[in-house]
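Asks: My structure is below; once you've seen it, I'll send some questions.
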Amino acid sequence: MSFVTKPSKISLVIGASSVGTLIEWYDFYLFGMLATIISKQFFPSDAGTSALLSTLAIFAAGFIVRPFGALVFGRLGDIIGRKYTFLLTLVLMGGSTFAIGLVPGFATIGWAAPILVLILRLVQGLALGGEYGGAATYVAEHAPANRRGFWTSWIQTTATLGLFLALGVIILIRSNQGVEAFSAEWGGWRYPFWLSIILVVVSILIRMKMSESPMFTKLKSEGKTSTNPLKESFGHKANFKMVLLALFGAVMGQGVIWYTGQFYAQSFIETVCKVEFVQSRNLMLWAILFATPFFVVFGYLSDRIGRKWIMLLGMLLGIVTYRPIYQYFLDATNAKNRIEKIDLANTVTSEKLASVDVKDKTKILVVQKTDTAYSDGAIFSYTKTDTLHIAAEISDINASKIQYVQANPLDANQFDTVLLQLKSSAGLNADSTHIAQVVVLSKSTTPNVLVEKTMDHATYWNLIWLVFVQILYVTMVYGPIAAFLVELFPTKIRYTSMSLPYHIGNGVFGGLVPFLGTLIVEFTKTADKPAGDPLAGLWYPIGVASICLFIGVIYLTNKVDKEVMD
């Protein structure tokens, strides 16, 4: 028996399902988009790379628990229905996201801060584990058999559009506030988390007006719903075999392609290539905007030519082209490759500005910024911070300058007198006639250098194009996947059966891409090569996609199952 839903009705179903799912993805990905700021707010200020790794680990934890959410909410969805289950997941996701924005920073509550954020992140992961399966199943069970790939592909766009929305909100707030205000403990980076509660309330109101899936309603009226979806999904050999085939033949590879193209790419461009914060996110926005329609294109094609080969081709292209693409990222943003383009006339080095460390008053931070201009319009900014350890705290709180004596770098027997402008503390007025005399005990041997690169127009659009290409691979593997999974499993256990492989493939294999990729690069670092091999992290998604491609070619079928009421 097949169910035919009027075009106007299916449009409403798509709209209501998509709005909620988009908001859940928006909530989930805010954390990843703000990882560098969150690492500084919820971990010790001197933790360095370990803070970023810890933040990425918390980010990954949300993915790892998604399969457990799939089991819990998948079971509920197969017993009580699709509609009310993904209403519950929406409330949990929105509430935990809002609460993350309320957690004080490490400077205020210490280690309680990252622990609270971890707990809330786990709630997010559990909620998302129940959301996608419900939305995809709900839409698929309304869709006409010959257009299931097309209609469910609209749900697939929500993950990317949620990322787009998160990026857009972050850029808008940061542009209006400026870097310092945005990155402060209670700065603008928290606003996107707070905004989610409004979006969630709107989505709940929309979803409350939705009716239950017609297939599930028929099963329930006939008393044929599953009493134990977990046992039927994973205790029966034939069905469990399909779960494993879905995971290792399709979703595992789809997951790593998705997170490489949309998360690892952004992280790599910002943290490895050092492209400036707003520009790195703007180029992601453009790439996402151009690529998103292809979710629907490949969903439509999958109804015509089958799902298998479209998905596997997306994996193959990623396997073959990832390393050349990321090598270009490195080469295009490498200052050594741009020496002949340096524009000395417009290269500017600021005066040195000293400030007293907030936590340790016997530390003086000396900051100097150099903007290296290039003839093609690019500007590479280097902010160097030296740390001076002084004998005692500065007693003159109104001092506008500090003065100290140091050995001449060329002749140790000669001494130089250094006079530096001193940045006044908040609420104090510096007096230009006050100069604080300080005794420097030691100076940092290796200054901290912050690099931000604003790329020229041509390179910027080349980066957009190559990120677009990666997201195009995402649309190939992700556009048909919902219809593919729905068609593998019977209605009575569909929510549970499709949710588990999806969230293991995406949440575990895919979600770990940023963390494991960064960790693998860390293992390649040596004394002779302190930066390690920046491309080493790509071996993880390439390896997982290769295994999935091999299994998929041999065991997946390209047949579209038009009758899913079985």
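The values are calculated or read from the model by the stated rules, or taken from the named source; none is laboratory data. None of the values given here were measured: they were computed from a predicted structure. Cβ placement follows ideal geometry from the backbone for every residue including glycine, while neighbour counts extend to all protein chains displayed.
Asks: Tell me, yes or no, whether segment 102-117 has at least one residue that is in contact with a Leu (Cβ under 6 Å, 6 or more places away or on another chain) and either buried (at least 17 other Cβ atoms within 10 Å of the Cβ) or under 26 Å from Pro67 (Cβ atoms) (or both). Please lay out each step first, then the result.
Replies: Taking segment 102-117 and keeping what is in contact with a Leu (Cβ under 6 Å, 6 or more places away or on another chain), we get 103.
Now narrow it down to the ones that are either buried (at least 17 other Cβ atoms within 10 Å of the Cβ) or under 26 Å from Pro67 (Cβ atoms) (or both): 103.
Yes, segment 102-117 contains at least one residue that is in contact with a Leu (Cβ under 6 Å, 6 or more places away or on another chain) and either buried (at least 17 other Cβ atoms within 10 Å of the Cβ) or under 26 Å from Pro67 (Cβ atoms) (or both).
Asks: Go through (1) free of Cβ contacts under 8 Å to residues at least 24 places away in the same chain; (2) surrounded by 23 or more Cβ atoms within 10 Å (Cβ to Cβ) and name the single condition Lys241 misses.
Replies: Unmet condition: (2).
Asks: Can Tyr300 be described as over 15 Å from Val474 (Cβ atoms), hydroxyl-bearing (Ser, Thr, Tyr) and in a helix (DSSP H, G or I)? Step through it out loud before you land on a result.
Replies: On the way: over 15 Å from Val474 (Cβ atoms): yes; hydroxyl-bearing (Ser, Thr, Tyr): yes; in a helix (DSSP H, G or I): yes.
Yes; evaluated as a whole, the condition is true for this residue.
Asks: With Val256, Val278, Val272, Val320 as the choices, which residue is assigned by TED's automatic domain parsing to the domain that holds Gly479, farther than 27 Å from Val139 by Cα and either touching a Pro at 6+ places or on another chain (Cβ under 9 Å) or among the acidic types (Asp, Glu) (or both)?
Replies: Details: Val256 fails: farther than 27 Å from Val139 by Cα; Val278 fails: either touching a Pro at 6+ places or on another chain (Cβ under 9 Å) or among the acidic types (Asp, Glu) (or both); Val320 fails: either touching a Pro at 6+ places or on another chain (Cβ under 9 Å) or among the acidic types (Asp, Glu) (or both).
Every option except Val272 fails the conditions.
Asks: In addition: Can you tell me how many residues in segment 255-290 are among the polar types (S, T, N, Q), farther than 28 Å from Ile504 by Cβ and crowded, with 20+ Cβ neighbours inside 10 Å? Can you show your working first?
Replies: Filtering segment 255-290 for residues among the polar types (S, T, N, Q) gives 260, 262, 266-267, 271, 279-280, 282.
Now restrict to residues that are farther than 28 Å from Ile504 by Cβ: 279-280, 282.
Applying the additional criterion that residues be crowded, with 20+ Cβ neighbours inside 10 Å yields 280.
Qualifying residue count, segment 255-290: 1.
Asks: For the subset of segment 123-164 comprising residues that are of a type in the set (D, E, K, R) and in a helix (DSSP H, G or I), which member is surrounded by the fewest Cβ atoms within 10 Å (Cβ to Cβ)?
Replies: Filtering segment 123-164 down to residues of a type in the set (D, E, K, R) leaves 131, 141, 147-148.
Within this subset, residues satisfying the condition of being in a helix (DSSP H, G or I) are 131, 147-148.
Numbers: Glu131: 31, Arg147: 16, Arg148: 28.
For segment 123-164, the residue satisfying everything is Arg147.
Asks: Take residues that are of a type in the set (A, V, I, L, M, F, W, C), modelled with pLDDT under 90 and surrounded by 14 or more Cβ atoms within 10 Å (Cβ to Cβ) and tell me which of the strands (runs of 3 or more DSSP E) falling wholly in segment 429-492 contain 1 or more. Please lay out each step first, then the result.
Replies: On the way: elements: 431-437, 440-443, 448-454.
Because the criterion is at least 1 residues that are of a type in the set (A, V, I, L, M, F, W, C), modelled with pLDDT under 90 and surrounded by 14 or more Cβ atoms within 10 Å (Cβ to Cβ), the strands (runs of 3 or more DSSP E) in segment 429-492 that meet it are 431-437, 440-443.
Asks: Continuing with this model, one more query. In segment 119-156, what residues are modelled with pLDDT of 80 or more and under 16 Å from the mean Cα position of the chain (by Cα)?
Replies: Within segment 119-156, Arg121, Leu122, Gln124, Gly125 meet the criteria.
Asks: Could I ask something else about it? Output the residue which, of all residues in segment 383-402 that are in contact with a His (Cβ under 7 Å, 6 or more places away or on another chain) and either among the small types (Gly, Ala, Ser) or modelled with pLDDT of 90 or more (or both), is surrounded by the fewest Cβ atoms within 10 Å (Cβ to Cβ). Break it down into steps so the answer makes sense when it comes.
Replies: Within segment 383-402, the first condition is being in contact with a His (Cβ under 7 Å, 6 or more places away or on another chain), and the residues that meet it are 396, 398-400.
When the remaining residues are screened for being either among the small types (Gly, Ala, Ser) or modelled with pLDDT of 90 or more (or both), the result is 399-400.
On the way: Ala399: 22, Ser400: 17.
So the residue we want is Ser400.
Asks: Any idea which of Ser226, Ser233, Ser203 is modelled with pLDDT under 65, of a type in the set (Gly, Ala, Ser) and at negative phi? Break it down stepwise before answering.
Replies: Numbers: Ser233 fails: modelled with pLDDT under 65; Ser203 fails: modelled with pLDDT under 65.
Of the residues listed, the single one that is modelled with pLDDT under 65, of a type in the set (Gly, Ala, Ser) and at negative phi is Ser226.
Asks: Please work out which residue is surrounded by the fewest Cβ atoms within 10 Å (Cβ to Cβ), limiting yourself to segment 500-516 and to residues that are in a helix (DSSP H, G or I) and aliphatic (A, V, I, L, M). Talk me through it step by step, then tell me what you get.
Replies: Taking segment 500-516 and keeping what is in a helix (DSSP H, G or I), we get 500-510, 513-516.
So of that shortlist, the ones also aliphatic (A, V, I, L, M) come out as 500, 504, 508, 513, 516.
Details: Leu500: 26, Ile504: 25, Val508: 18, Val513: 27, Leu516: 20.
Among those residues, the one meeting the criterion is Val508.
Asks: Which residues, taken from segment 520-535, are surrounded by fewer than 16 Cβ atoms within 10 Å (Cβ to Cβ) and not small (Gly, Ala, Ser)? Before the answer, list the steps.
Replies: So the first thing to find is which residues in segment 520-535 are surrounded by fewer than 16 Cβ atoms within 10 Å (Cβ to Cβ), and the list is 522-533.
Hits for segment 520-535 are Glu522, Phe523, Thr524, Lys525, Thr526, Asp528, Lys529, Pro530, Asp533.
Asks: A further question on this structure: Condition first: β-branched (Val, Ile, Thr), over 18 Å from Gly255 (Cβ atoms) and touching a Lys or Arg at 6+ places or on another chain (Cβ under 9 Å). Can you find one or more residues in segment 320-343 that meet it?
Replies: Yes, that holds for at least one residue.
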